[in-house]
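What follows is a set of notes on a single structure, which appears directly below.
The values are calculated or read from the model by the stated rules, or taken from the named source; none is laboratory data. Worth saying up front: this structure is predicted, and the values here are computed from it rather than measured. In this analysis, Cβ positions are derived from the backbone assuming ideal geometry, glycine residues included, and neighbour counts consider all displayed protein chains. To get the accessible areas, we keep the full protein, side chains included, count just its heavy atoms, and leave off ligands, DNA and RNA. Shrake-Rupley method; radii C 1.70, N 1.55, O 1.52, S 1.80 Å.
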Amino acid sequence: MRLTFAVLGALLIAGPLSAHPLPNAEEELRRQRLAILQGQASDEALEALRSAPSSVPPLIRRAAVRTIARKGKEAIPLLKDFALKDPDALTRRTAIRLLVPLLSESEKAPFLTAVYRDEDEQVRTAALEEAAAMTPRPEDAERLLKEGQHDPSTLVSQTALQALWTFNEEVQSARLRPEFRDHQLEVVASIPLAETQWRFQTDPREVGHLEDWMGEDLDDSDWHRIGIAKPWQDFGHQYSGVAWYRYRFELPQQPAGDAADLAFQAVDESAWVWLNGHFLGGHDIGPEGYNTPFATDTQARLKWGEENVLVVRVRKRSGAHAGIWKPVQIEILKKN
């Protein structure tokens, strides 16, 4: 026998299930949910949930949403109502996940913008995750993610910031280049970078990459002066999170050699490196990376005989020390 809306509503006769669940009521709730998931509810019963959702337990409504979604594009209007109006946040979130694949590409971003106005952070997070997954990502989805980075909820803003982060390549030493596969490279010269005269800025909102803090022409005159080869705490910055270093330096004329690495003896704990505005890679292996040396191929980006701008973004998740706490040097490599 197919379920009717009256049968679903009868679940509440024994009183509020959520407050004082009776064993038989709980069992009936599970049975009704399974019946709906198996497609035994009538179209009329499912449609009735749109007009009186609060009279049926959320567990039933969530099951109904999943069943409705199987109807394909025919389900779009009803799923939109669940996504925008259902009193249960998890039901709204479930409806969003099931509805987005049914929408045309042009419909997705406007719908996600609408559900992003939801008061629940989990629902807003779902909207941003779906926007981030769009490929290619349209301008209105990108605009929604940029709005999301300023969300008062850390969960939501971090979702947006992660989606807008495009610097995912790992650092790679020149030693790993294919042309050197059959050769050993030795360091024939080393140019240490000064341990003073660096600039430093914390980035608790993690927006520096969106504001072009890695750019060659950024005016960093109001940034803090800092050194390296010591934790940033030793310079008065009691802080955990993301922070940026900038350093301008002159190079001599190019010495003889076949390649060049920018070598870090250690950064606590993760680092992303730009030279003269070009991304050279990231070193992000987690907390254990705090004492791990790494190097990145810099031959093509160095300006010999000119000024260079090195930018390092550092993330420290927790702990007493952080930053570029060991020396940095440019290593000139020659094959033998």
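Points worth noting:
- Most mobile of LEU161, LEU275, LEU176 in a GNM of the chain (Cα contacts under 10 Å): LEU176
- Sorting the segments 100-107, 60-67, 293-300 by their residues' average number of neighbouring beta-carbon atoms within 10 angstrom, most packed first, yields 60-67, 293-300, 100-107.
- Leading residue at positive end of dipole, the stretch 123-229 (Cβ point charges), from ILE226, THR125, HIS183: HIS183
- For the stretch 160-201, the carbon plus sulfur part of the accessible surface works out to 44%, probe radius 1.4 Å.
- Ordering of 203-214, 257-268 by burial proxy (mean other Cβ atoms within 10 Å per residue, highest first): 257-268, 203-214
- Here the mean projected area of the convex hull built on the C-alpha positions of the stretch 142-242 is 10.2 nm².
- Solvent-free Debye scattering, log10 I(q)/I(0), computed from the Cα coordinates of the stretch 61-192 at q = 0.13, 0.19, 0.21, 0.22 Å⁻¹: -0.59, -1.02, -1.18, -1.25
- Extents of the stretch 297-336, taken as max minus min of Cα coordinates on every principal axis and listed largest first, are 41, 28, 14 Å.
- Solvent accessible area, Å² - SER190, 1.4 Å probe, full protein context: 70
- Net charge contributed by nearby residues that have their C-beta within less than 15 Å of ALA194 (K/R +1, D/E -1): +3
- Here the stretch 202-282 has 43 percent of its accessible surface on carbon and sulfur atoms, given a 1.4 Å probe and all protein chains in place.
- Cα-based reach from LYS73 at 28 Å (exclusive), listing lysines while leaving out same-chain residues under 8 positions away: LYS85, LYS108
- Accessible area (Å², 1.4 Å probe, nearest 10) - LYS316: 20
- Computed log₁₀ I(q)/I(0) - Debye formula, equal Cα scatterers, no solvent, the stretch 257-312, q 0.13, 0.14 Å⁻¹: -0.34, -0.39
- Taking every protein chain into account, the accessible area of the stretch 158-213 amounts to 62 square angstrom per residue (probe 1.4 Å).
- Dipole magnitude of the chain, debye to nearest 20 (Cβ charges: Lys/Arg +1, Asp/Glu -1, about Cα centre): 1140
- Spatially proximal lysines relative to LYS303 (Cα-Cα < 23 Å; intrachain offsets below 8 disregarded): LYS334, LYS335
- Helical segments meeting 18 Å axial Cα length and Kyte-Doolittle 0.5 threshold in the chain (DSSP H): none
- All distinct Cα pairs of the stretch 222-336 go into the 1/r average, and the inverse of that average, the Kirkwood radius, is 14.7 Å.
- Computed over the chain, Cα set: Rg, Dmax in Å: 28.1, 87
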